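The values are calculated or read from the model by the stated rules, or taken from the named source; none is laboratory data. Quantities reported herein were computed from a predicted structural model and do not represent experimental measurements. Ideal geometry is used to build each Cβ from the backbone, glycine not excepted, and the neighbour counts take in all protein chains shown. Heavy atoms of the whole protein, side chains included, go into the accessibility calculation; ligands, DNA and RNA do not. Shrake-Rupley method; radii C 1.70, N 1.55, O 1.52, S 1.80 Å.
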Amino acid sequence: MNAKVLLFALLGLPQAVWSQADTLGYGGPEGLDIYEELIEEDGGSVDPVIPRVAAGPVAWDVNDSLSFIPGYDMYCHWNTDVIFDRGNTARFVHDTLRLVLSQADCDHALPCEGKLNSPFGPRRGRMHYGIDLDLETGDTVRCAFAGMVRISKYNKSFGHVVVVRHQNGLETLYAHLSKRLVEPGQVVEAGDLLGLGGNTGRSYGSHLHFEVRFLDQPIDPLLVFDVDKGQLKASTLDIHKGVFASIAAAKAASSARRYHTVRPGDTLSAIARRNRTSVSALCRLNGIRSTSVLRVGQRVRVN
Ligand SMILES: [Zn+2]
């Protein structure tokens, strides 16, 4: 256990000490502007519900400060075990937050060079909360932005997975790795090697499942990266409630039951293929056998 990991074990400090509301803006180390809060033109102010780290009267030693944990002022937690600590996260209460993604050419990197295999969004009746990028097992997987490794572990779904928290509050997740090369608490730069690509966990074929999240809520990584061009979409990213609302709507749509009405000539395998499912899944959903005869007009549940 290195000194930093040990320090995190001591983070059960009374939170109020660190969360005195004051007039401080958010900021990164050395006054770096990491994001700015956009306030409505009509003067509507933003309710500062997310506690902010105070620098004023609190006895303050930079060596035991929490401020070196990226985004601690927003999350108020640093959990190196739970991948998404939904119950413990401050809600997004702002009109719009403009996150600064890049201030120089070298401060960001595409995690791998493979093409996009599968986008973010509804997929086979479930939400896909990231993008899938093509790679071969053993290919290098690199960190998208500077930050600190929060998670490096094995997970049943994600396989070997690494999560990095960045100064602007974004978190990036790298899943199905064959090998992890970083530890929680490790400080990483954009482009640093995090691990090797693979096919571990719930994965069918080598690929990188890459997610971008803010306050434990998923964001389409293609809002951040232009995968085809291998570069950032823009140097800033605006986050507002609409971003999450559209995701919630897509999720609701993806989980709604869908049916196919049997037409002449339809077969179970053709229906399965068209709906990106399997004959055995259709049989299970509809309580039928693969040899059952379909009637024209019969409704077959497909998800
Ligand atoms: Zn995926």
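With 20 Å as the limit, write out which pairs from LYS153/LYS179; LYS115/LYS156; LYS156/LYS179 have Cα-Cα distances beyond it, or answer none.
On the way: LYS153/LYS179 10 Å; LYS115/LYS156 25 Å; LYS156/LYS179 15 Å.
Table pairs above 20 Å Cα-Cα are LYS115/LYS156.
Counting only protein heavy atoms and a probe of 1.4 Å, the accessible surface of segment 71-188 is 44% carbon and sulfur.
Contact order for segment 148-293, expressed relative to its length and based on alpha carbon pairs under 8 Å spaced 6+ residues apart, stands at 15 percent. The heavy atoms of LYS229 offer some 140 square angstrom of accessible surface to a 1.4 angstrom probe. Taking amide hydrogens as placed 1.01 Å from N in the peptide plane, the amide H of GLY169 sits under 5 Å from those of GLY71, each at least 5 positions away in sequence or on another chain. For LEU101, nonlocal amide neighbours, meaning residues 5 or more places apart or on other chains whose placed amide H falls under 5 Å from its own, are THR236, LEU237.
If I take R0 = 41 Å and measure r between the Cβ atoms of ASP107 and CYS283 in this structure, what FRET efficiency does the formula 1/(1 + (r/R0)^6) give, to the nearest 0.05? Mind showing how you got there, number by number?
Values: r = 52 Å, r/R0 = 1.27.
It comes out at approximately 0.20.
Rounded to the nearest 10 square angstrom, ILE247 shows an accessible area of 20 square angstrom against a 1.4 Å probe.
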